[in-house]
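Bear in mind that the values in this text are calculations on the coordinates, not laboratory data. Just so it is clear, the structure is predicted and the values come from calculations on it, not from any experiment. FYI the Cβ positions are ideal-geometry reconstructions off the backbone, even for glycines, and counts take in every protein chain you see.
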């Protein structure tokens, strides 16, 4: 079973920030939080990852709560091309990723 | 820099046959992992290889096997194909299995078993 829980779907208006939550209440101290997205059955695309500090890159920001039991992926200005399924994964250094069902984000024009 | 290359992209096989799928990782990457994606089960982990050694194996029957060569290229084989093996098979590569590196996925091989 996946170690993360995400809402099945979300909508976001184009140009607005998309905030995608993820619950990982059983995360261990050495486990990172990774986010990937998959656009229409292409291979998943890496977005961002973090351990306990907030992280930002050119694609997104990752906010991890102090107790590390949940996190939020933020796409600051969503575009139609951001419509995808977003997966939150926790891992401790292996690529045996356990994917959950992810969040289907639809960006609306 | 070329990405992860999976061949073939599409494949149609008959029940009972066997199939071999190939994955060429990004140059310099030594870790390769494989996933199966179906509408019903989602993305499921199959195998993880590093330096020609299988590090992890998912919960799949023995009909599913894989290997990694000295040049880091990997193959997976499915024998005695069943209709339920129809899926998108994805390969991912990374420099090495460590905590702070991401995996790069290929476009996948779509297998249809008829």
> Over all residues in A:36-44, what is the mean tally of Cβ atoms on other chains that come within 10 Å of each residue's Cβ?
Replying inline: 5
>> Under 10 Å, Cα contacts only: if you run a Gaussian network model on chain A, which one of A:52, A:69, A:96 comes out with the highest mean-square fluctuation?
In response: A:96
>> Given an 8 Å cut-off on Cα distances and at least 6 residues of separation, report the relative contact order of region A:38-87 as a percent.
In response: 30 percent
> Peptide A:96-105: average number of partner chain Cβ atoms within 10 Å per residue?
Replying inline: 4
> What list do you get for A:11, A:67, A:82 if you sort them by fewest beta carbons within 10 Å?
Replying inline: A:67, A:11, A:82
> Ranking A:39, A:63 by Cβ neighbours within 10 Å, fewest first, what do you get?
Replying inline: A:39, A:63
>> Under 12 Å from a point placed 7 Å out from the Cα of residue B:77 along the Cα-to-Cβ direction: which residues of region B:1-42 have their backbone N that close?
In response: B:18-21
>> Can you give the log10 of the normalised intensity I(q)/I(0) at q = 0.07, 0.11, 0.15, 0.16 Å⁻¹, computed with Debye over equal Cα scatterers of the protein assembly as shown?
In response: -0.22, -0.54, -0.99, -1.10
> Mind checking the mean number of beta-carbon atoms from other chains within 10 Å of the Cβ atoms in B:52-58?
Replying inline: 1
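Using Cα pairs under 8 angstrom and six or more residues apart, how large is the relative contact order of chain A, in percent?
It comes to 38 percent, rounded to a whole number.
When you have a sec, figure out the Kirkwood radius of chain B from all distinct Cα pair distances and drop it here in Å to one decimal?
14.0 Å
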> Whole-Å semi-axes of chain A's equivalent ellipsoid, largest first, each the root of 5 times a Cα gyration tensor eigenvalue?
Replying inline: 22, 15, 12
